[in-house]
Amino acid sequence: ARLYQALLPLTPNLVLSVRGGQKEKDSCSLAEVSALVKKEAEDMFNIWISSKLSQFSTSIFSLTSTAGSFLTSLPAWDKVTISETGDSGQEINSIISIPPSPSLPLITSLLSLASTIHRSHPSSFPQSLLSPTSINVVQAILSHYSTLSTQTLTQNVALQLLFDLHFTQTLLVSRDTKDQFSTTLSTLLSCLETNIDPFDLSVFSPHLHSRVKKAAARCVSGLGCLVPADRVAIISSYKISTTTTQDSHNILCVEPQPCPRFQLLPLSTASLSKVSAKAALSSAHLQLPLLVGQAAVDAKKTAAGKTDKSPAHQTAASFFGSMPWFGTNS
């Protein structure tokens, strides 16, 4: 495929031979040869992509319904504390577990496929190649999960598979392919939800969806060649909740208006306290001369006021005021 792409630009003599005596604008033979070479390059790229998609399908099949497979496939879950009101009116706290990321076979297969494509410089691929690749990836995932959804699953396994489908829908299903996959996704989600207690599902759903968005925002860069263009802007706009401790380890919080291009850099709590103390100390040094100068001015005004109100000053003023001739030139 690379050879076909570089054939005409790197062989000017071949171009001259194909064109013959025709002018560049009127050369129909050159246009036909260019179209033929372009088509052959696309066919070669499609063959290469098909082989990589076959490897992706094989690797994702490692996620099966057996107990041993799920023990090695489920990631560590987040623990969330929720509050409920009991029958007696007392508040009851309980801890639930929520999957924070896709299952290991799914995310490993996606990252492996994306890494393979990235190593081949996907920006030089034909524009019509990456969109079908993303569609084929979604089809392979839905095909395998359709098989898993027909089996009897425990609630934890069903929750993890539910997370995987929401993750796939959020990250890989574009606006143009939404109608193509909406029916299949709705059917699969309904089948998986039947394995989860309805009350537990209503409690887990808000936490599950928020973690799906966080996982998609984390993976959008690594899976960029597979993510449709219209999904990149939407996923990049997802904000991480301010209740997390991420902001306390961000050196950009020192700057009131940080540049959004830079990544977060670790900053210890001790450094934050030193920065705050240094800022307070510099502010105190700046305000101290102003306070001293203001105190000196106030002291002078007070002394002047006291001088004006002395008895000697009042007597002299009344004496000279009673003499109209004092101070005149006549």
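The values are calculated or read from the model by the stated rules, or taken from the named source; none is laboratory data. Note that this is a predicted model, so its numbers are computed, not measured. Cβ coordinates were reconstructed from backbone atoms using ideal geometry, including for glycine residues, and neighbour counts include every protein chain displayed. In case anyone asks, the SASA skips ligands and DNA or RNA and just uses the protein heavy atoms, side chains included. Shrake-Rupley method; radii C 1.70, N 1.55, O 1.52, S 1.80 Å.
Annotations
- Residue 135 vs. criteria under 25 Å from residue 189 (Cα atoms) and modelled with pLDDT of 85 or more: yes
Residues are listed down the side, and each one gets a yes or a no for (1) at pLDDT below 85; (2) crowded, with 17+ Cβ neighbours inside 10 Å; (3) of a type in the set (S, T, N, Q):
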{"site": "65", "(1), (2), (3)": "yes, no, yes"}
{"site": "81", "(1), (2), (3)": "no, no, yes"}
{"site": "88", "(1), (2), (3)": "yes, no, yes"}
{"site": "110", "(1), (2), (3)": "no, yes, no"}
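- Criterion violated by residue 123 - all others in (1) open to solvent by 10 Å² or more (accessible area, probe 1.4 Å); (2) within 21 Å of residue 236 (Cβ to Cβ); (3) at pLDDT 90 or above; (4) not basic (Lys, Arg) satisfied: (3)
- Residue 146 falls short on exactly one of the conditions (1) assigned to a helix (DSSP H, G or I); (2) more than 15 Å from residue 172 (Cβ to Cβ); (3) in contact with a Phe, Trp or Tyr (Cβ under 9 Å, 6 or more places away or on another chain), and that condition is (3).
- The set of residues from region 149-163 being of a type outside the set (A, V, I, L, M, F, W, C) and not in a helix (DSSP H, G or I) comprises 150, 151, 152, 154.
- Among the residues of region 194-217, the ones that are of a type outside the set (Lys, Arg), open to solvent by less than 70 Å² (accessible area, probe 1.4 Å) and in a helix (DSSP H, G or I) come to 12 in all.
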